[in-house]
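Bear in mind these aren't lab numbers, they're just calculated from the coordinates by the rules spelled out. Keep in mind that this is a model prediction, so the values were computed, not measured. Positions of Cβ are generated from backbone atoms using ideal geometry, with glycine treated the same way; all protein chains shown enter the neighbour counts.
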Amino acid sequence: MSKSVQDVMSMIQENGIQMVDFKMVDINGQYRHVTIPAADFNEEIMQEGVGFDASNYGYAVVEKSDMVFIPDPDTAVIDPFCQVPTLSMTGNAMIIDYPANRPLAQYPRNIVLAAEQYMKDSGIADTMLILPEFEFYLFNQVGWEVQPFSIGMNLDYDQSYWNSGIQGQGVVVPKQKNYHIAKPFDPTYECRSEMCLLMEEAGIPIKYHHPEVSASGQFEIEPKLGQMSKMADASMMIKYIIRNTALKHGYSATLMPKPVYGEAGNGMHVHMLLLKDGEPVFSDDNGYSHLSKEAHWFMGGLLKHIASLCALTNPSTNSFKRLVPGFEAPVTVGYATSNRSAVIRIPAYAKTPKMRRFELRNPDATCNPYFCYAAILMAGLDGIKNQIDPHENGWGPYDMNLYHLPEEEKKKLKGLPTSLEEALDALEADHDYLTAGGVFPEILLQNFIKAKRAECAELSKIPHPAEFEKYYNL
């Protein structure tokens, strides 16, 4: 049920709210915020918004950077991490114009709403449901330093296998053996349960949480399927809750794709399905794995554009340290049922017509979720519109372990990009499917590519500690 301004005012009065916090999103998918006294919150604020400088968010040039943030009352929740009673809202960015403000097309939330409208206008579907899986690490301590005289990082998790010699109670987990492990080897259980309860209080239904594969503190929280634009908002709040709850319990949380060398990386697998008038678009009892031709075309669009998608779904140099063989991360452009080595997996357990779906396994949580989900939808719709059949294009189904194929067979397969630079090259060459209908503005993609290329250039100049091991004495 939608909330009105009066509903928000009632929340403020009934809960003794003293501050109202407006959470905005920058181009990288991080929260920024500005806070006003609750006594100053009124209907005028909801209509006219709060001004901010968009040039600091990565969207606009300095001479055209004055924007206003318009809060969305449906997103109003009490922030559990503020000692001063605080109500939190997200919303949309608008360009100051006369006689009426207009949406800033580059703003992430506006893009995901535009993608949903493009889907409805196409007549293919009216709803996209998604389910992102959030994998993350919890460390007892972490630190890093990047100086001319000292470059390195250190981290620790008490239950990690490398502490077997010093953990006095012997409560350590063997390498890569943490999956679903129970107490006493799971000391973060209460922390994660609190995370999930806070997510539920924020209006985000949770499916479950559990320990993941890495013995060095890896875990997963999975929400239930939700409407794409609402799940983009929820993804931001889930990350916010994970990080802040971890700190409260004395842990440091990271969703970084590959924080621990030799252990499993953090993915954000995205399950997806389409509905039209409440009926499933992807279900067909006679299709491969009970999926319809539209589902296969949607997968075809994802696979056709996967290299350029990676720039938005995996937008960090660290992302590609996860996308390597041996850790259940996808490396092959293809689809299959119950196969985690292909980039698209069809879960065999999703048997009812309204739950039949597939997951895209390459994304990670360094992405801006609004860009990520909108780009996935746009690639899939392009596949349906152009009837891109994944089987006819040689992308599967691969119902075998692709990691263990003979080398000659592996050479025949197409792989994902192996670096962020390669993904950015692909995005530069292949993005018409994103700009269709004006969903992704060309200027945003140009700014995004420029910023990410600068990141790559900066990191390429920094010596790596492993280079000292390899080359110091040559």
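Any idea what diffusion coefficient the chain gets from Stokes-Einstein, in µm²/s, Kirkwood Rh on alpha carbon pairs, 25 °C, 0.890 mPa s? Answer from the Stokes-Einstein relation: 104 µm²/s. Cross-link list K258/K450; K23/K385; K354/K412: which exceed 29 angstrom alpha carbon to alpha carbon? Table pairs above 29 Å Cα-Cα are K23/K385; K354/K412.
Return the whole-Å distance between the Cα centroid of segment 118-162 and the Cα centroid of segment 228-254. Their Cα centres are 10 Å away from one another.
Straight-line reach from K351: taking Cα to Cα under 12 Å and skipping same-chain neighbours fewer than 8 places apart, the aspartates and glutamates in range are D284, D285. Other residues lying with their Cβ under 11 Å from the Cβ of G394 contribute a combined charge of 0, Lys and Arg counting +1, Asp and Glu -1. Counting 0.36 nm for each residue step from K450 to Y349 and taking away their Cα separation leaves a gain of 32.2 nm. Of the beta bridges in the chain, as assigned by DSSP with both residues counted there, near 90 percent are antiparallel.
May I ask which of K207/K452; K230/K276; K321/K414 have a Cα-Cα span longer than 23 Å here?
Working: K207/K452 34 Å; K230/K276 18 Å; K321/K414 18 Å.
Going by Cα-Cα distance, K207/K452 fall outside the 23 Å limit.
When V5, V324 are sorted by how many other C-beta atoms sit within 10 angstrom of their C-beta, beginning with the fewest, the order is V324, V5. Using a cutoff of 8 angstrom between alpha carbon atoms and counting only pairs six or more residues apart, the relative contact order for segment 342-413 works out to 22 percent. Cysteines in the chain lacking any other cysteine Cβ under 4.7 Å from their own Cβ: C82, C191, C196, C310, C456. Rounded to the nearest 500, the helix-only mean residue ellipticity at 222 nm of the chain stands at -9500 deg cm²/dmol, with each DSSP H run of n ≥ 4 adding -39,500 (n - 2.57).
Take each peptide in 294-300, 104-110, count the other Cβ atoms within 10 Å of every residue, and average; sorted highest first, the result is 294-300, 104-110. In this Cβ point-charge picture (+1 for Lys and Arg, -1 for Asp and Glu), the chain has a dipole of about 1120 debye about its Cα centre.
In segment 134-266, Cα pairs under 8 Å separated by at least six residues give a relative contact order of 32 percent.
Centre-to-centre separation between the Cα atoms of segment 1-25 and those of segment 429-474: 39 Å. As a rough footprinting exposure proxy, the listed residues M24, M46, M119 were ranked by other beta carbons within 10 Å of their own, and the order from fewest upward is M46, M24, M119.
Across the chain, the relative contact order, built from alpha-carbon pairs under 8 Å that are at least six residues apart, equals 14 percent. The modelled label-to-label distance for the pair E408/K120, using points 7 Å beyond Cα in the direction of Cβ, is 5.5 nm.
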